[in-house]
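A short worksheet on the structure shown next.
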Amino acid sequence: MTQSTPEAGDSAVEMGQEATVPTPGAARGGPVSHAIFRLARLARLHRMFAGQLLRRIGLHPGQELVMMHLWELGPQRQADLVRLMDSDAATMTRTVRRLEQAGFVRRRPSPTDKRASLIEPTAARHALRREVERVWSRLEEISTAGLSDDESAAALRTLEHLEQNLVRATAEHTGAETAD
């Protein structure tokens, strides 16, 4: 029997495939670690849906997060956005340039540091913010479909705890390497 190859954009669920990656026998000693490995696939799917929803309002994935920080914190230096987003300078430069070209942000000289400029939202931000909030609500609906409020809250707590564990372990590992 011939099996057709998936077309671009076909999802595993649409094609009747399993939604998860099978756990190999050698990974049985680390089922949570294997689930974290699978989160990379989940993150790609989440980003794909986000991209589809954001494209309708003129944004690319990640740009809305920059805007969220600007709405929340006010004008920021690009270096501060890099730190906030755990990004790199080149990616942030491209992101800010695209947002600027789209008319969503502008640069202005920093009043405290003549070498720096501040990135701030433009007047178009009000309508954009409502649209971004709508997109993120829809993305949350897609992501948590079938979960109760308690299950969603528990999943969030668990993911945050896992993140804290890995950040702490990374800091300890990095500190141990520099001590050697």
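Below are the figures for this structure:
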read-out: The stretch 28-171: relative contact order in percent, alpha carbon pairs under 8 Å with at least 6 residues between; value: 21
read-out: Ellipticity estimate at 222 nm from DSSP helix runs (n ≥ 4, -39,500 (n - 2.57)) divided over the chain, nearest 500; value: -20500 deg cm²/dmol
read-out: Under 5 Å, built H, 5+ apart or other chain: amide partners of residue 106; value: 120, 122
read-out: Cα gyration tensor category, rounded, prolate or oblate, for the chain with a/c compared to 1.5; value: oblate
read-out: Cα long-axis angle, helix 149-179 against the chain (0 to 90 degrees, to the nearest 10); value: 70
read-out: Accessible-area composition of the chain, carbon plus sulfur, in percent [1.4 Å probe]; value: 54
read-out: For residue 117, residues with placed amide H under 5 Å, excluding near neighbours; value: 78, 110
read-out: Accessible area per residue, Å², the stretch 90-168 with all protein chains present, probe 1.4 Å; value: 71
read-out: As computed over the stretch 20-64, the Cα convex hull volume per residue (Å³); value: 61
read-out: Trypsin sites (Lys or Arg not before Pro) within the stretch 66-135, DSSP loop, no more than 11 other Cβ atoms inside 10 Å; value: 114, 115
read-out: Surface/4 of the Cα convex hull for the stretch 93-180, nm²; value: 10.3
read-out: Tilt relative to the chain, helix 125-144 - C-alpha long axis, 0 to 90 degrees, to 10; value: 10
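The values are calculated or read from the model by the stated rules, or taken from the named source; none is laboratory data. This is a predicted model, so every value here is computed, not measured. Here Cβ is always computed from backbone atoms with ideal geometry, including for glycine, and neighbour counts include all displayed protein chains. With ligands, DNA and RNA removed, areas are computed over all heavy atoms of the protein, side chains included. Shrake-Rupley method; radii C 1.70, N 1.55, O 1.52, S 1.80 Å.
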